[in-house]
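Undergrad: My questions all concern the structure below.
The values are calculated or read from the model by the stated rules, or taken from the named source; none is laboratory data. Predicted, not measured: the structure shown is a model, and the values here were computed from it. Positions of Cβ are backbone-derived with ideal geometry, glycine not excepted, and every protein chain shown enters the neighbour counts. In case anyone asks, the SASA skips ligands and DNA or RNA and just uses the protein heavy atoms, side chains included. Shrake-Rupley method; radii C 1.70, N 1.55, O 1.52, S 1.80 Å.
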Amino acid sequence: MKRTSYRKLGLLSALYFVQGLPYGFQTTALAVYLRTQGVSLMVISSIGLLSLPWMGKALWAPLVDRYGSERIGRRKSWILPMQAGMAAACAAAAFVPVPGALTVLLGLVFLMNLFAATQDIAVDGFAVDLLEPHELGWGNTAQVVGYKAGMLTGGGLLVWMSELIGWRGLFLAMSLLSLLVLAVAAVAREPRRSEEGTAGERLSWHDVKERLLAALRLPGTGWMLLFIGTYKLGETMVDVLFKPFLVDMHFTPAQIGQWVGTWGLVASLLGSFAGGWLATRMPLLGALALASFLRVFPLGGEWWLAVHGPTPPGVIAVTVAEHFFGGVLTTALFAFMMSRVDRRIGATHYTLLASVEVMGKAPGGPLAGLLATRAGWSYSDVFLLGTVLSVAFLALLLPLRQRTSHSQSVSPQV
């Protein structure tokens, strides 16, 4: 890999890293904290609503694609202020008394997600502009690894350190890390692409709409959107209740934070590297098929633990395996998504696909909570359903493969 490629990957990793900080806190630390305070499973399974900006970001993605200062940089015009806003929200959260003002804290976490999701639109467009086709595998490794490293930091390492630095120190550390990456982004040079002889030309609103509609009309797009929207639905149903399950089985928050928030995310990072390697060594759909198949086994392992009783070695084994193969799958999927993007509307098109990915798995959490609280399902019942749905998802690979092959033969933008 050339030195310039290392610079690209390092910059992308840093930008995605800070976007993972608030989400890591929300999905790992916040869920464990709420359960230890006796909050119901229904509430815990619904805190994913704090991620609504990630689901709806496609609505304002055309604004990010259309507007921006040429002097500052088309993408940096959005990245820099969003990064500053996220640093400010983290700093403000440091001074919220957690037990007495939970609503305020949740509001600030929502605000962090809003800033991070809007920045993500610009960073995705930046990545589309920056990466050459042969760099997509490692480029999406940088994307996923950077984001998950942020999750590991916000949901694992800083929580683990909170005994020393406290909750205030946790949020101030997140704010400081955001400011450091802001400084890196401020001095980074933004690429200028010459696409179809229109270097630096701004597309009109009409052109953005027409190119997006043309991309959505390509053969196989419906199967692709269904594939992207369902690939983690079953996994989400299992994941959202697995941490409360461990709390109810009398494991301590420190154990859960270490096994799931730290070791699990380290395994996920390693899986993301493996996914990037696979994406450069075999067809992207082949990598997706392999990762999807292997991902089923640890999900079944979590069902087995719920039926027969969890032990520390068993919890560690299934956690590490699920996060590893989940990392492989996510990286391969994101590389596949980026390979299907029209680069002229890179931020809008990729953000639309990413929003489908987020919206597709979002119902998994509330559905699992409803089944466990209203329908009286046991943890093992919900885990089994999630595993079965993940197996059923594999059936989409065949029509997607057939349609994608035809689409590639007729589309010059792939």
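Undergrad: Cβ-Cβ below 7 Å, separation at least six or inter-chain, first residue in segment 12-35 and in a helix (DSSP H, G or I) and open to solvent by less than 10 Å² (accessible area, probe 1.4 Å), second at pLDDT 80 or above and acidic (Asp, Glu): which pairs?
TA: Gln19/Asp120
Undergrad: Confirm whether Gln119 is over 16 Å from the mean Cα position of the chain (by Cα), among the polar types (S, T, N, Q) and under 20 Å from Phe17 (Cβ atoms).
TA: The answer is no for Gln119.
Undergrad: Something else about it: What number goes with the only condition from (1) under 21 Å from Arg217 (Cα atoms); (2) open to solvent by 30 Å² or more (accessible area, probe 1.4 Å) that His308 does not pass?
TA: His308 satisfies all of (1) under 21 Å from Arg217 (Cα atoms); (2) open to solvent by 30 Å² or more (accessible area, probe 1.4 Å) except (1).
Undergrad: Now for a separate question. So, of the residues in segment 359-414 that are of a type in the set (Val, Ile, Thr) and at pLDDT below 80, which turns out to be surrounded by the fewest Cβ atoms within 10 Å (Cβ to Cβ)?
TA: Val410
Undergrad: Filter segment 332-346 down to the residues that are modelled with pLDDT under 85 and touching a Gly at 6+ places or on another chain (Cβ under 7 Å) and list them by number.
TA: Ala335, Gly346
Undergrad: Quick one: in segment 26-57, of everything that is small (Gly, Ala, Ser) and under 15 Å from the mean Cα position of the chain (by Cα), which residue is modelled with the highest pLDDT?
TA: Gly56
Undergrad: Could you please find all residues in segment 59-87 being of a type in the set (A, V, I, L, M, F, W, C) and open to solvent by less than 20 Å² (accessible area, probe 1.4 Å)?
TA: The answer is Ala61, Val64, Ile79, Met86, Ala87.
Undergrad: So which of Leu182, Leu164 ends up being assigned to a helix (DSSP H, G or I), open to solvent by 20 Å² or more (accessible area, probe 1.4 Å) and either at positive phi or at pLDDT below 80 (or both)?
TA: Leu164
Undergrad: Let me ask something else about it. Among (1) at pLDDT below 75; (2) over 22 Å from Gly376 (Cα atoms), which single condition is Lys8 missing?
TA: Only one criterion is unmet by Lys8, namely (1).
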